[in-house]
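Take a look at the structure set out below.
The values are calculated or read from the model by the stated rules, or taken from the named source; none is laboratory data. Keep in mind the model is a prediction, meaning the values are calculated, not measured. Here the Cβ positions follow ideal geometry from the backbone for every residue, glycine too, while neighbour counts run over all protein chains shown. Accessible surface is based on the protein model in full, side chains and every heavy atom, while ligands, DNA and RNA are left aside. Shrake-Rupley method; radii C 1.70, N 1.55, O 1.52, S 1.80 Å.
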Amino acid sequence: QVQLVESGGGLVQPGGSLRLSCAASGRIFSISAMGWYRQDPGNERELVATTTNVGSTNYADSVKGRFTISRDNNKNTVYLQMNSLKPEDTAVYYCWARLMLSGSPAYRAYWGQGTQVTVSS
């Protein structure tokens, strides 16, 4: 009923940049928030950045000043601009959205399939 499709991952050298995109589609009535989480082997999934439908943002301390989250509400799309990438940013990045389906009484969380980001020389 809902799809979150990510794009933009890949291999980049330390200090480089990548831009991730995630588009939500389906029987969506409303999206209250979207964002990005990441997970590398052996660790739990962690928050990277989120943004709400009124424009407030939240970032993990480890990415503040380097990553910027933005959102196009008309396109149900969220972006993550990642600059000054470090090897420790290597992970699978997952798109997340809290949304309400048409005909549903409540918001719930949905996840994308993940996109690999590798920072290595």
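A few points about this structure:
- Of the residues making up the range 101-112, those that are of a type outside the set (Phe, Trp, Tyr), open to solvent by 30 Å² or more (accessible area, probe 1.4 Å) and either part of a strand (DSSP E or B) or touching a residue at least 12 places away in the same chain (Cβ under 8 Å) (or both) are Ser102, Gly103, Ser104, Arg108, Ala109.
- Test: residue in the range 84-94 that is closer than 14 Å to Ser25 by Cα, within 17 Å of the chain's Cα centre (by Cα) and in a strand (DSSP E or B): no
- Residue check, Arg98 open to solvent by 80 Å² or more (accessible area, probe 1.4 Å) and charged (D, E, K, R): yes
- Among residues of the range 14-73 being among the acidic types (Asp, Glu) and closer than 15 Å to Ala91 by Cβ, the one that is surrounded by the most Cβ atoms within 10 Å (Cβ to Cβ) is Asp40.
- Only residues that are more than 18 Å from Arg27 (Cβ to Cβ) and assigned to a strand (DSSP E or B) were counted in the range 53-83, giving 14.
- Residues (modelled with pLDDT of 95 or more and over 20 Å from Gly55 (Cβ atoms)) located in the range 83-105: Asn83, Ser84, Leu85, Lys86, Pro87, Glu88, Asp89, Thr90, Ala91, Val92, Tyr93, Tyr94
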